1. So, in the range 242-256, of the ones that are of a type in the set (A, V, I, L, M) and open to solvent by less than 20 Å² (accessible area, probe 1.4 Å), which residue ends up nearest to the chain's Cα centre (by Cα)?
2. Quick one: which of A130, A123 is buried (at least 18 other Cβ atoms within 10 Å of the Cβ) and of a type in the set (G, A, S)?
3. Among the residues of the range 157-183, write down those that are among the acidic types (D, E) and at pLDDT below 95.
4. Of the numbered conditions (1) over 30 Å from Q201 (Cβ atoms); (2) assigned to a loop (DSSP other than H, G, I, E, B); (3) over 19 Å from the mean Cα position of the chain (by Cα); (4) not β-branched (V, I, T), R59 satisfies every one except a single condition; which is it?
5. Being in the same structural domain as Y198 (by the TED database) and touching a residue at least 60 places away in the same chain (Cβ under 8 Å) narrows it down to one of L34, L99, L117, L92, so name that one.
6. Would you point out which residue out of S111, S170 is surrounded by fewer than 16 Cβ atoms within 10 Å (Cβ to Cβ), in contact (Cβ under 8 Å) with a residue 24 or more places away in the chain and under 16 Å from the mean Cα position of the chain (by Cα)?
7. May I ask you to list the residues in the range 66-86 that are open to solvent by less than 50 Å² (accessible area, probe 1.4 Å) and either among the polar types (S, T, N, Q) or in a helix (DSSP H, G or I) (or both)?
8. Check D143, D163, D116 and return the single one that is closer than 30 Å to I52 by Cα, charged (D, E, K, R) and open to solvent by 20 Å² or more (accessible area, probe 1.4 Å).
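The values are calculated or read from the model by the stated rules, or taken from the named source; none is laboratory data. On a predicted model such as this, the values are computed, not experimentally measured, just so you know. Note: ideal-geometry Cβ built from the backbone for every residue, glycine included; neighbour counts use all protein chains shown. Heavy atoms of the whole protein, side chains included, go into the accessibility calculation; ligands, DNA and RNA do not. Shrake-Rupley method; radii C 1.70, N 1.55, O 1.52, S 1.80 Å.
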Amino acid sequence: MSVVIVIPARFASSRYPGKPLVELRGADGTKRSLIRRSWDAARQVAGVDRVIVATDDSRIADHAAGFGAEVAMTSTTCRNGTERCAEVLANLPETPEILVNLQGDAPLTPSWFVEDLVAGLRAAPGAEVATPVLNCSGAMRADLLADRAAGRVGGTTAVFGTDGRALYFSKEVIPFVPHDVAPDAASPVFHHVGVYAYRPQALAAYAGWPEGRLEKLEGLEQLRFLEHGRPVLCVEVEARGREFWELNNPSDVERIESMMRRMGMG
């Protein structure tokens with residue numbers, strides 16, 4: 001019943017080159033790199049056997065090894081984090097029950113997001129892939145809309161059926177809501193949290209499929225599963241008073257640091 005977390009990290013991001021090494025200042029003034037904070041978040045998750053940073057860049061590898069992380073070097077041909085995770089899986093001496101992809105740009109991911117995700121996948125024996133979704137307040141929805149209005153590609157939203165199966169993921173804010181939503185009220189929009197839990201057979205299959213048309217248009221790796229007829233289970237998670245945002249653009253640094261100050265995260 002083993003669980004392995006892999007944190008894929010690449011230096012050559014088109015929107016933010018060198019992003020994993022960007023330093024974020026915590027509430028106590030301490031600066032730590034984005035990849036270090038993501039690793040710290042992964043180590044808070046209960047029931048995990050290993051946490052591995054997966055990269056193709058020696059600068060990231062050396063930095064991660066320096067703060068004590070286990071590092072797996074992967075090829076430069078990986079097109080996204082899921083392919084990088086598949087390469088790590090293929091080289092593990094023992095196949096885990098579940099492999100979790102905790103993307104290296106989500107340092108605010110609470111431990112229970114991942115714990116609930118793993119529990120959700122285990123509770124659905126017919127599911128092969130699962131990912132968390134967080135209901136957006138009116139304020140969070142407004143932030144997502146503001147990013148799009150400013151031409152920034154920011155957070156991802158998800159729509160799913162009554163059985164929890166994903167219908168679509170998009171960098172647009174979906175579904176369309178024809179009315180205003182109060183800042184502190186729940187909206188019909190769900191923010192997709194950039195974490196995935198895979199059963200090994202699904203992850204191994206993914207690596208052999210060609211990049212999907214919608215995946216390429218949206219820049220969303222999980223769409224390859226949908227385009228090849230493989231369902232993705234959306235597991236709703238609760239914020240429990242925590243703020244959540246991913247670091248997608250340089251402007252997100254200040255936003256995340258502000259959140260960390262408000263939450264008292266060092």
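1. Top of the filtered list is L247.
2. The conditions single out A130.
3. Correct list: D180 only.
4. So the condition that R59 fails would be (2).
5. From the options L34, L99, L117, L92, the qualifying one is L117.
6. Criteria check complete, one pass: S111.
7. T74, S75, N80, G81, T82, E83, R84, C85, A86
8. D116
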